[in-house]
Amino acid sequence: MEGTPREVDAKARAWLAAGSLAVWVVDPVARTVTVYRAPTNIQVLSQGDELSGGDVVPGFSCRIGDIFSSPFETSGQQGVERRS
């Protein structure tokens, strides 16, 4: 989802209003995941936190740090240069 933080927040709230049970907004720059469950139930998760699927995706859980970790960080290798 692209846009300013205000636009992203408005879109997440619109999805909730349309019936979504949860909205996850991943911010790769801040390395956070914002979990919207209701307009007044919003939680920002960071590196050491655990993202849970709750009732929406039963059995799913993932550490936020794992979402943003590179396979090169754990193997001791350096990143690969990407070309456009």
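Annotation: of all residues in region 32-55 being within 12 Å of Ile67 (Cα to Cα) and loosely packed, with under 15 Cβ neighbours inside 10 Å, the one that is nearest to the chain's Cα centre (by Cα) is Ser46.
Among the residues of region 1-31, write down those that are within 13 Å of Phe68 (Cα to Cα) and surrounded by 13 or more Cβ atoms within 10 Å (Cβ to Cβ). Of everything in region 1-31, those that are within 13 Å of Phe68 (Cα to Cα) and surrounded by 13 or more Cβ atoms within 10 Å (Cβ to Cβ) turn out to be Val26, Asp27, Arg31.
Values quoted throughout were computed directly from the atomic coordinates according to the rules given, and no laboratory measurement underlies them. These numbers were taken from a predicted model, which means no experiment stands behind them. No Cβ is skipped: glycine too gets one built from the backbone with ideal geometry, and neighbour counts run over all protein chains shown.
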